[in-house]
Amino acid sequence: MTVSQEADRVLSGTRTAYRTCPLCEAVCGLRLTLDGDRVTSVTGDPDDPFSRGYMCPKGASLGRLDEDPDRLTGPMVRDGESWRPAGWDEAFAIVARGLEGVIAAHGREALAFFYGNPTFHTMAGVLYRGPLAMALGTRNVFSASTIDQMPKHVASGLMTGDPWAVAVPDLDRTDHLLIIGANPAVSNGSLCAAPDFVGRMRRIRERGGRIVVIDPRRTRTAELADEHVFVRPGSDPALLFAMVHTLLAEDRVTIRVPVAGLDRLRELAEPFTPEAVAPFCGVEPATIRRLARELASARTAAVYARIGTCTAEFGTLAQWLVDVLNVLAGNFDRAGGVMYAKPATAEVHKSPEPYVGGRWTSRVKGFPETLGEFPAATMVDEIAEPGPGQIKALVIVAGNPVLSTPDGGRLDEALAGLDFMVAVDPYLNETTRHADVILPPPRILQMPHYDFLISTIQVRNYSRYSPAVLPLEPGQRSEAEIMERLTLIAMGAGPEADPSGLPSQMLSMFPGLEPDQLDGDDGPDRLLDAMLRFGPYGLSLAQLREHPNGLDLGPLEPRLPEILKTPSGLVELAPEPLAEDTGRLRAAMSRPPAPMVLIGRRHLRSNNSWMHNVPRLIGGTNRCTLQIHPADVERLGLGDRARISSASGDLVVELEPTDTIMPGVVSLPHGWGHRRTGQKVAAGDAGVNVNELTGGVVDVPSGNAVFNGVPVAVEPHN
Ligand SMILES: Nc1nc2c(c(=O)[nH]1)N[C@H]1C(S)=C(S)[C@@H](COP(=O)(O)OP(=O)(O)OC[C@H]3O[C@@H](n4cnc5c(=O)[nH]c(N)nc54)[C@H](O)[C@@H]3O)O[C@H]1N2
Ligand SMILES: Nc1nc2c(c(=O)[nH]1)N[C@H]1C(S)=C(S)[C@@H](COP(=O)(O)OP(=O)(O)OC[C@H]3O[C@@H](n4cnc5c(=O)[nH]c(N)nc54)[C@H](O)[C@@H]3O)O[C@H]1N2
Ligand code: SF4
Ligand SMILES: [Mo]
């Protein structure tokens with residue numbers, strides 16, 4: 001069959017297809033009904049053993065998102081201030097000339113690479129971002145990790161030696177869940193892949209368990225819990241330290257895993273008495289003691305902390321102390337506590353060496369690297385500050401850093417000064433408008449799907465492959481081919497090199513596998529097949545194809561011995577770099593508190609910056625408003641709008657008074673500020689870019705951006 005015959009066959013009539021939802025970490029199985037190439041309905045797949053029919057409004061809108069008329073259908077090339085469509089060959093030739101020109105004039109250190117959140121969800125993104133970074137041969141590598149979860153990697157790396165090992169709460173068996181700075185009822189869970197998180201929470205309570213939420217806002221998650229505790233933004237590590245202090249002081253410790261550093265931990269926790277931290281955290285000493293005792297006395301318990309604690313001034317300390325509590329209460333690597341998933345694919349991204357950070361430092365601000373990356377928060381400095389090593393060319397894949405990274409307004413200006421920029425992205429948006437070339441991936445439904453990384457953070461072992469639902473049209477390029485070609489161009493092989501050269505090279509990692517034994521006709525499929533065959537269950541792509549609703553691989557099982565690779569062979573309870581960082585926390589506790597601080601929030605019908613272009617997902621409560629306590633509105637004499645300012649910038653915002661937020665705290669969502677974008681619906685209700693207010697400060701051990709607890713002033717505005 002020719003490609004067009006195949007397309008005709010697929011595009012006629014009504015049919016059903018199964019597809020993993022790629023939009024968030026819950027990875028729900030969806031059942032799509034299509035009429036030709038149009039999605040006529042989406043439901044959760046009831047036969048999926050993991051998601052069991054659950055989906056959220058974003059999944060239900062997958063068809064509309066996929067068919068968005070503003071998606072780019074072919075390469076776009078900049079022509080002065082305007083754009084023109086170009087053929088793929090011409091576009092790749094321009095990319096090769098652009099990158100080669102910068103390398104010739106300034107060397108490879110003048111190249112930079114930024115990859116964003118969707119690269120964690122696409123096969124091409126996960127498999128090829130590493131090779132592309134290597135091929136570019138620069139240390140200027142930035143990603144969404146340092147505006148998100150890098151503190152978790154650093155804390156895990158220092159405690160277990162493996163920065164990629166993320167222990168997830170065993171939601172389906174735990175008796176007690178302590179949620180800190182996460183709102184899974186809205187986000188659907190993060191670093192904890194659990195479709196229908198809310199249903200799983202409900203079942204904890206139905207079986208007699210207890211859920212406590214610590215958050216400066218009374219969120220939907222808090223409303224579903226037994227108890228909600230308000231906390232001052234940024235103060236979580238002090239609260240966690242006081243809980244550690246309580247367990248140690250009251251001798252309520254049950255350690256079930258091999259550990260080192262208990263005495264050092266005791267010494268570090270000594271000053272963090274509940275009384276000492278209470279004014280800083282805004283939590284009563286008696287509450288802190290009770291929270292600690294509840295953890296110790298529950299049959300099983302899991303402490304789970306996310307964005308609210310990661311994107312904060314002491315993100316790594318918070319992530320470390322979360323797992324310290326899990327260890328001290330006897331819940332680490334244990335059913336009902338926190339556990340490690342066992343993915344079906346060989347974990348080839350992991351280094352056999354124990355984690356070390358800070359192997360080199362950034363040019364302008366001297367920030368240490370983590371996992372081979374510099375903080376996304378300093379990309380703007382590296383582009384804007386002249387001098388040897390200044391970034392002159394940027395390759396960006398699936399990222400919108402103008403809206404997602406600190407000091408977004410300054411980045412917007414800095415990007416305009418680059419010599420060359422290429423973006424792999426379906427949209428002309430606030431960031432990609434600065435590119436010389438935009439290379440759009442095909443529609444979501446034209447891509448096969450497998451969750452390599454998310455399967456490392458699932459609450460149940462599980463594997464699901466979704467073949468592409470729709471074929472590529474003649475002249476379209478897969479995202480895999482786009483990234484293969486970019487990688488070959490970056491290696492100096494030119495725009496015409498055979499793209500299959502890259503996966504072939506990567507397959508040589510799997511000794512004894514004959515290429516013709518492998519399933520699939522593109523690189524990612526063949527790599528997946530190899531990784532499945534080398535994986536712990538000995539599966540193959542053919543087997544996954546036989547289970548379009550997914551394959552259940554059983555509950556999580558203890559596996560710490562396979563994970564641990566610290567030089568001591570023990571879980572390090574007080575790694576020295578973190579012990580040192582506690583000094584920074586103690587200093588912050590003696591600072592006068594900021595009268596008003598800013599935090600973020602998410603909305604169920606939104607996802608970061610790129611889902612505001614689907615009419616049915618925006619409007620109603622999904623708007624870019626500043627949540628503020630009514631007492632603050634009155635105290636500050638505010639009307640419907642206000643001016644909010646920080647050390648980095650100022651904005652005029654619409655107010656949403658609500659008593660669900662603590663007095664002294666305001667919340668603005670990110671991913672808004674849709675100015676100069678090709679997304680026409682989004683531009684209609686643009687909102688403001690909260691990241692014009694954030695900037696400068698990072699969490700020291702991880703280099704992670706600080707979005708929560710940013711000091712601001714709010715004033716009347718007419
Ligand atoms: N103030 C504040 N800022 C934040 C946060 C916060 O809580 N507060 N959260 C942070 C977090 S957790 C994250 S993860 C980041 C996200 O930061 P980014 O990853 O920079 O931003 P996204 O909005 O996810 O942008 C994704 C881009 O990928 C494109 N895209 C979508 N699908 C595909 C695809 O299949 N292939 C390709 N090539 N491109 C695609 C979209 O068009 C969009 O341009 O934002 C961070 N920024
Ligand atoms: N619907 C939807 N789902 C999403 C996304 C989205 O944009 N929309 N984004 C996806 C991405 S990229 C990610 S990383 C995940 C994030 O998933 P979550 O971590 O669950 O993210 P949020 O919903 O922002 O919840 C963070 C919570 O932290 C609270 N918080 C803020 N500051 C502090 C603090 O200092 N201390 C404490 N204890 N709490 C604080 C906020 O009030 C908020 O309720 O969500 C993913 N899922
Ligand atoms: S929760 Fe919603 S967005 Fe996330 S995977 Fe499920 S359907 Fe998709
Ligand atoms: Mo994220």
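For the reader, a short list of remarks on this structure follows.
- As a summary of the residue check, residue 330 satisfies the conditions (1) under 20 Å from the mean Cα position of the chain (by Cα); (2) part of a loop (DSSP other than H, G, I, E, B); (3) over 28 Å from residue 127 (Cα atoms) except for the one numbered (1).
- Residues located in the range 606-615, provided they are open to solvent by 20 Å² or more (accessible area, probe 1.4 Å) and either within 16 Å of ligand 4 (Cβ to nearest atom) or within 20 Å of residue 220 (Cβ to Cβ) (or both): 607, 608, 610
- Selection within the range 24-55 - open to solvent by 10 Å² or more (accessible area, probe 1.4 Å) and within 16 Å of ligand 4 (Cβ to nearest atom): 24, 25
- Residue in the range 477-500 that is within 18 Å of residue 545 (Cα to Cα) and over 22 Å from the mean Cα position of the chain (by Cα) present: no
- Helices (runs of 4 or more DSSP H) wholly inside the range 205-286 containing at least 3 residues that are surrounded by 17 or more Cβ atoms within 10 Å (Cβ to Cβ): 236-249, 262-269, 274-281
- Matching entry among 384, 335, 318, 346 (being open to solvent by 10 Å² or more (accessible area, probe 1.4 Å), out of contact with any Lys or Arg (no Cβ under 6 Å at 6 or more places or on another chain) and farther than 14 Å from residue 164 by Cα): 384
- Each residue in the range 178-223 was checked for being more than 18 Å from residue 555 (Cα to Cα), away from ligand 3 (no atom under 16 Å from the Cβ), out of contact with any Lys or Arg (no Cβ under 6 Å at 6 or more places or on another chain) and of a type outside the set (D, E, K, R), and 12 of them qualify.
- Within the range 118-142, being crowded, with 24+ Cβ neighbours inside 10 Å, outside any helix (DSSP H, G or I) and of a type in the set (Ser, Thr, Tyr) holds for one residue alone: 122.
- Considering the range 626-649, and only residues there that are part of a loop (DSSP other than H, G, I, E, B) and without any contact (Cβ under 8 Å) to a residue 40 or more places away in the chain, the residue that is nearest to the chain's Cα centre (by Cα) turns out to be 629.
- Hits in the range 41-83 - residues which are assigned to a loop (DSSP other than H, G, I, E, B), away from ligand 2 (no atom under 16 Å from the Cβ) and more than 23 Å from residue 459 (Cβ to Cβ): 67, 68, 69, 70, 71, 72, 73, 74, 75, 80, 81
- Within the range 96-117, not a single residue is assigned to a loop (DSSP other than H, G, I, E, B) and either open to solvent by 60 Å² or more (accessible area, probe 1.4 Å) or modelled with pLDDT under 95 (or both).
- Checking every residue in the range 407-429 against the condition of being within 16 Å of ligand 2 (Cβ to nearest atom), touching a Ser or Thr at 6+ places or on another chain (Cβ under 8 Å) and under 20 Å from residue 108 (Cα atoms) gives zero matches.
- Test: residue 435 is over 30 Å from residue 184 (Cβ atoms) and without any contact (Cβ under 8 Å) to a residue 60 or more places away in the chain: no
- When 542, 588, 530, 579 are checked against the criterion of being among the small types (Gly, Ala, Ser) and open to solvent by 40 Å² or more (accessible area, probe 1.4 Å), 542 stands alone in meeting it.
- Residue in the range 184-193 that is under 14 Å from residue 303 (Cβ atoms) and either of a type in the set (Asp, Glu) or not in a helix (DSSP H, G or I) (or both) present: yes
- Residue 150 falls short on exactly one of the conditions (1) within 16 Å of ligand 1 (Cβ to nearest atom); (2) of a type outside the set (D, E, K, R); (3) surrounded by fewer than 24 Cβ atoms within 10 Å (Cβ to Cβ), and that condition is (3).
- Any hit, the range 30-37, residues being in contact with a Lys or Arg (Cβ under 8 Å, 6 or more places away or on another chain), more than 16 Å from ligand 1 (Cβ to nearest atom), assigned to a helix (DSSP H, G or I) and in contact (Cβ under 8 Å) with a residue 60 or more places away in the chain: no
The values are calculated or read from the model by the stated rules, or taken from the named source; none is laboratory data. Given the structure is predicted, the values throughout are model-derived calculations rather than measurements. We place every Cβ from the backbone using ideal geometry, glycine too, and count neighbours over all the protein chains shown. SASA here: full protein model, heavy atoms, side chains in, ligands and nucleic acids out. Shrake-Rupley method; radii C 1.70, N 1.55, O 1.52, S 1.80 Å.
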